[in-house]
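Only one structure is covered here, and it is reproduced in the block below.
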Amino acid sequence: MGMFDDVNFKMPCPECGKEVRGWQTKDTDCNMDMVEPDATNNFYAPCDCGCWIEFARNQVADKPRREVPLTKAEVEGLGFVMYVRDGGARLWAKKQKDEQARSAAAPSSGDEE
């Protein structure tokens, strides 16, 4: 099992707008601690809609934990760049929908009574 630290951050998903929590990083000690975004170079989370959201930058600053999570604008102000990718769930859902459409369009064998 891979260990990680949680990141004290939340934001609306750029794809669906639902609040995304559960951000993680492996840039820190990976003791399942809560860390601040600016203590990492990279942190990420999946959204329920299937996209994968990741923030990355080139530098690390060591800061104490904040009481209130940073906003997206504040995190970007620290030099993070957001990347949004399909986490696989949307591709899987599309494949399932396409297969269902093909099954529905397939001619029946005529064995129905």
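Below are the figures for this structure:
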item	result
Under-29-angstrom lysine pairs by C-alpha in the chain, whenever the two are 8 or more apart or on separate chains	14
Most to least packed among 4-16, 38-50, 77-89 [average Cβ atoms within 10 Å]	38-50, 4-16, 77-89
Nearest-ten-degree value, helix 89-105 long axis tilted from longest Cα axis of the chain	10 degrees
Rough spin-label spacing in nm, given labels placed 7 Å along Cα→Cβ, for Ala89 and Met34	2.3 nm
Computed [θ] at 222 nm, helices only, for the chain once each DSSP H run of length n ≥ 4 contributes -39500 (n - 2.57)	-6000 deg cm²/dmol
Debye intensity ratio in log₁₀ form over the Cα atoms of the chain, taken at each q of 0.20 Å⁻¹	-1.05
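Each value in this text was obtained by applying a stated rule to the coordinates, not by laboratory testing. Please read these numbers as outputs of a predicted model, since none were measured by experiment. For neighbour counting, all protein chains shown are included, and Cβ atoms are generated from backbone atoms with ideal geometry for every residue, glycine included.
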